[in-house]
Amino acid sequence: MSRTFETGGAPHFPPHSSVAGVMLQVIYALMPAIAAHAWFFGPGILVQLILAIAFALGFEALTLKIRKKPVRLFLGDFSAVLTAVLFALCVPPLAPWWIALFGMLFAIVIAKHLYGGLGYNMFNPAMVGYVVVLISFPQAMTAWLPPLSIAQDSLGLLDTMVTIFTGNPPSPLSWDAITQATPLDTLRTGIASGQMISEARQSPVFGDFGGLGWEWIANWYALGGVWLLWRRIINWHVPAAMIGSVLILGTAAWLADPGNNPAPLQHVFSGALIVGAFFIATDPVSGCTSNRGRLVFGAGVGIITLVIRRWGGYPDGVAFAVLLMNMAAPLIDRYTRPRIFGQ
Amino acid sequence: MIQPDPFRQARLAGEQLHPFHGGLRLRHNKKISCETPIEKTALATRYFVPLLQHTGREAEPMVSEGQRVMKGDPVGCFEHLGSGCIHAPTSGTVTAIASHANSHPSGKEGVCIVIKPDGLDQWTELEPIADWQNADPAELITAIRQKGIVGLGGAVFPTGFKVSEASQRGIHTLVLNGSECEPYISCDEMLMREQPDSIVLGARILQKAIGAERTIIAIEDQMGVVNQVLSKAVKRSGADKIDIVKVTTIYPEGGEKQLIQVLTGLEVPSGGRPTDLGILCQNVATATAVARAVTEGKPLIERIVTVTGNGVRRPRNLLAQIGLPIANLIDQCGGYAEGASRLILGGPMMGYALSSDSNPVIKAANCILVMTEDDLRPVQPEMPCIRCGECARVCPAQLLPQSLVWAIRNSLWEETEDLGLGDCIECGCCDFVCPSHIPLVEWFRFGKSSLQAAARERDQAKLARERFESREARLEKLKQERKTRIERKKKALQDRSDKQDEIAAAIQRARSRQDRKS
Ligand code: SF4
Ligand code: SF4
């Protein structure tokens, strides 16, 4: 008696990874930094995360439905959630709720789905969302809090939610009382008003290398990044090239003019550099695919960030740098194709 | 810098091991089929010997229905290759030459010679080369050709062809490939354990046939006693030019190009062959087949097949005749286990799924793997490529599978050639790691066949044009010829009429002269 079988293509193994698995691991790797964020700056980040994730999933489901794509399948890939998490980590903890709404509208609907959805977006969606709200609502986007340890007034969860949902802190608090310029802002306005770096650094917002609190968050980002490297979710090329280029260029500038240029380590531990190096510039979809290409990409992001920090109109430049390099990525990929075996 | 001469560098093969790009460390799963010795299969009630066992054209049948054949008689022959035969696996009667399920990758039916055994299993008259050491290499090559020896590692390229080509190219090193990098398959390992002398003998014969200086037998570092057993066999044989080299088990280091890279650090040129580096690569099982063909005169009618996987009750290695239905092999291994859901010819990475176990064993069948539902799990939906680059990281051919798929999907055929589609060895590494579950290998097979079809079409168009042109030319020539012929005729007629006129005039003149006289 002969027996018949279903056929199927080789290899005959169940897949050992999935898009959802990759995205989830990146989200896990961000957890320590999120916890540190809440520790230093209060519960605002948690509210921002929930808001951004909710809006992201809402927009994702809506656009998938309009595009007649399988909603369940794509909602379950966690890519929209990751976009939301990265976005939330970039906005001030007390930013009003509609910041997340606008950010996610641009990130998910425009940057992701108008370009074709998962895998086809040319630009990093989280960064598109961030840059759009940064340009459109500069005031709300610069209302950063000081670390709790040096804050005069700190907000509990309830106050935080009131602030986020009404757009104003509950009386008797005022924006002026609770917010403070970020370390990079402080540095920038300091230099602009003729101060030397060393003078500007007297401000209590600074820690050992970067900003107080900020440098610890950066450490936790780096820890998560190393875990991702170990899990082979990301490759070393982008973070190494990005941090390396900042260190080299930063050192050169600092040696040439230490009065007007911060120490290289301060660059590394300030702003979004570490999170950018491990979590944002490593986004595979909008980045380069070959290893040489990734080196170029990472170095490009590092250099542009430094240039923007020094001469640009914004205190931090990681988001702009990533978007600019996103544009260059296809070209870089073309010229960094690996040599084929035997050719 | 002076470019080192690859030929010279290749001579150092095996002295030092080199890495190759990408690859996977897979779970071996070989033990389950290595616990019992190789077993002979029982005689079947029917044999179905396919006339097509590899890519290319079918063999021409050399027998007719009702004819009696002896074991080892040729039943099919590749006229267009000038050699390479298919032989009867046992003695009996040809009951039919008919279409039957074939184990060919295409999955299509093919013509099979159906033999009903007479139970005597009687050999035809064999003509061994008694003194192979003093035989002419050409004589050895002829024997290899006539006995239907093909590469038994899975590629089933006619060995006689390869060897005769190699003998003219100045080969210095013969590499016997004993590394089976695919999980589950253990036929070569068992062969090396049980018949090391036959392998060494085959190595010496091949070495003589191609005029190589030395032989390397490459085995995996995980093969335990094989190293010892083979070394002893080499010592027993007295041959001094045979080395055994252990290579690290990383899939697909058993691929010809990867193995050569591991041994020499050199890459076989794209579109080229190992012979370009002075190396000929053969599978260890092929070597034993060569030894049998030369010293016993026996054609290739059987091979060792690993029958394994969680879907069979008692996995083991069998010595099976070509043409034996696969169901018989499974029966001999205790039948199917519960949940058996896929029947694969070959390994889990590169093998192809068969739709029925009535398919016969073919020369390429190194393994019959039965996987269960648990092994396979439900198929995951395909997602868009997220350009993670994992596929490129593991690709031993150093390709960019993600770009290749994109080019194939968009029918950018020139781009696929630029991206090296032809260099893809279909190892499946990229497919295995892809988080988006894109069936990359299937796309590459489709792409390659489309390219081939396009090339064929181009060839045909060229041929048609040439034919048209030559026909035009012929017609033109004919026209010309006819024209000249007509001219000639006309002229001839003209001449004749002129002459007749002359004659007539002469007669006239004569007449008038007579008239005047009278
Ligand atoms: S592994 Fe899959 S998802 Fe990743 S780049 Fe390759 S094809 Fe795309
Ligand atoms: S199947 Fe082809 S493209 Fe994929 S890894 Fe193997 S050689 Fe590379």
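The values are calculated or read from the model by the stated rules, or taken from the named source; none is laboratory data. Please read these numbers as outputs of a predicted model, since none were measured by experiment. So basically every Cβ, Gly included, is an ideal-geometry build from the backbone, and we count neighbours across all protein chains shown. When the accessible area is computed, the model is the full protein with side chains, heavy atoms only, and any ligands, DNA or RNA have been set aside. Shrake-Rupley method; radii C 1.70, N 1.55, O 1.52, S 1.80 Å.
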Of the residues that make up region A:78-92, is at least one free of Cβ contacts under 8 Å to residues at least 24 places away in the same chain, open to solvent by 30 Å² or more (accessible area, probe 1.4 Å) and either within 14 Å of another protein chain (Cβ to nearest Cβ) or not hydrophobic (A, V, I, L, M, F, W, C) (or both)? no
Which of the residues spanning region A:99-117 are open to solvent by 60 Å² or more (accessible area, probe 1.4 Å), closer than 19 Å to A:P284 by Cα and more than 14 Å from chain B (Cβ to nearest Cβ)? A:I110, A:L114
Out of (1) open to solvent by less than 40 Å² (accessible area, probe 1.4 Å); (2) at the interface with chain A (Cβ under 10 Å from one of its Cβ atoms); (3) away from ligand 1 (no atom under 12 Å from the Cβ); (4) in contact (Cβ under 8 Å) with a residue 60 or more places away in the chain, the one B:I330 does not meet is (4)
Report, by residue number, each residue of region B:383-434 that is near ligand 2 (Cβ under 6 Å from one of its atoms), assigned to a helix (DSSP H, G or I) and open to solvent by 10 Å² or more (accessible area, probe 1.4 Å). B:C430
Count of residues meeting criterion [in contact (Cβ under 8 Å) with a residue 24 or more places away in the chain and within 16 Å of ligand 1 (Cβ to nearest atom)] in region A:99-121: 5
Based on this model, can you work out whether B:L451 counts as outside the structural domain of B:Q258 (by TED's automatic domain parsing) and either open to solvent by less than 30 Å² (accessible area, probe 1.4 Å) or not in a helix (DSSP H, G or I) (or both)? no
Region A:279-305, residues that are assigned to a helix (DSSP H, G or I), open to solvent by 20 Å² or more (accessible area, probe 1.4 Å) and away from ligand 2 (no atom under 16 Å from the Cβ): A:R292, A:R294, A:L295, A:V296, A:A299, A:I303, A:I304
Looking at A:I308, A:I274, can you tell me which residue is more than 21 Å from B:R387 (Cα to Cα), outside the structural domain of A:C90 (by TED's automatic domain parsing), hydrophobic (A, V, I, L, M, F, W, C) and open to solvent by 20 Å² or more (accessible area, probe 1.4 Å)? A:I308
Taking the condition touching a Lys or Arg at 6+ places or on another chain (Cβ under 9 Å), more than 16 Å from ligand 2 (Cβ to nearest atom) and in contact (Cβ under 8 Å) with a residue 60 or more places away in the chain, does B:G297 pass? yes
Among the listed residues A:V275, A:V268, identify the single one that is out of contact with any Ser or Thr (no Cβ under 9 Å at 6 or more places or on another chain) and modelled with pLDDT under 90. A:V268
The correct count of residues that are open to solvent by less than 40 Å² (accessible area, probe 1.4 Å) and touching a Gly at 6+ places or on another chain (Cβ under 8 Å) in region B:265-279 is 3
Scan region B:169-190 and tell me whether some residue there is assigned by TED's automatic domain parsing to the domain that holds B:E302, open to solvent by 10 Å² or more (accessible area, probe 1.4 Å), touching a Cys at 6+ places or on another chain (Cβ under 7 Å) and under 16 Å from B:D243 (Cα atoms). yes
Does B:F48 count as at pLDDT 90 or above and touching a Cys at 6+ places or on another chain (Cβ under 8 Å)? yes
With respect to the numbered conditions (1) away from ligand 2 (no atom under 16 Å from the Cβ); (2) in contact with a helix residue (DSSP H, G or I) (Cβ under 8 Å, 6 or more places away or on another chain); (3) hydrophobic (A, V, I, L, M, F, W, C), which one is the sole condition not fulfilled by B:I344? (2)
Every pair of residues 6+ apart whose Cβ atoms lie under 7 Å, when the first sits in region B:337-363 and is open to solvent by less than 10 Å² (accessible area, probe 1.4 Å) while the second is of a type in the set (D, E): B:L343/B:D357; B:G347/B:E182; B:P348/B:E182; B:M349/B:E182
If B:R445 meets every condition in (1) under 30 Å from B:A98 (Cα atoms); (2) within 16 Å of ligand 1 (Cβ to nearest atom); (3) open to solvent by less than 30 Å² (accessible area, probe 1.4 Å) apart from one, which number is that one? (3)
Here the residues within region A:59-75 that are of a type outside the set (A, V, I, L, M), farther than 14 Å from A:I110 by Cα and in a helix (DSSP H, G or I) are A:K65, A:R72, A:F74
Top-ranked residue in region B:1-20 [being open to solvent by 70 Å² or more (accessible area, probe 1.4 Å) and at pLDDT 85 or above; ranked as nearest to B:I242 (Cα to Cα)]: B:L17
Counting only residues that are facing chain B (nearest Cβ under 7 Å) and surrounded by fewer than 18 Cβ atoms within 10 Å (Cβ to Cβ), which one in region A:1-14 is farthest from B:G351 (Cα to Cα)? A:S2
Taking region B:359-381 only, how many residues are at pLDDT 90 or above and within 12 Å of chain A (Cβ to nearest Cβ)? 8
Identify, from the list B:T416, B:T484, the residue that is more than 10 Å from ligand 1 (Cβ to nearest atom) and in contact with a Gly (Cβ under 9 Å, 6 or more places away or on another chain). B:T416
A:A80 modelled with pLDDT of 90 or more, assigned to a helix (DSSP H, G or I) and touching an Asp or Glu at 6+ places or on another chain (Cβ under 8 Å): yes
Does B:P396 satisfy the criteria of being within 16 Å of ligand 1 (Cβ to nearest atom), within 8 Å of chain A (Cβ to nearest Cβ) and at pLDDT below 90? no
Restricting to region A:289-309, name every residue that is in contact with a Ser or Thr (Cβ under 6 Å, 6 or more places away or on another chain) and within 13 Å of another protein chain (Cβ to nearest Cβ). A:S290, A:R292, A:G293
Pairs only if they're at least six apart or on different chains, beta carbon under 7 angstrom, first in region A:46-67 and assigned by TED's automatic domain parsing to the domain that holds A:C90, second of a type in the set (S, T, N, Q); list them, first residue then second. A:V47/A:T160; A:A56/A:T83
So the check is Cβ under 8 Å with 6+ separation or different chains; which pairs have a first residue in region B:7-34 that's assigned by TED's automatic domain parsing to the domain that holds B:D243 and over 23 Å from B:C333 (Cα atoms) and a second one that's at pLDDT 85 or above and of a type in the set (K, R)? B:G22/B:R393
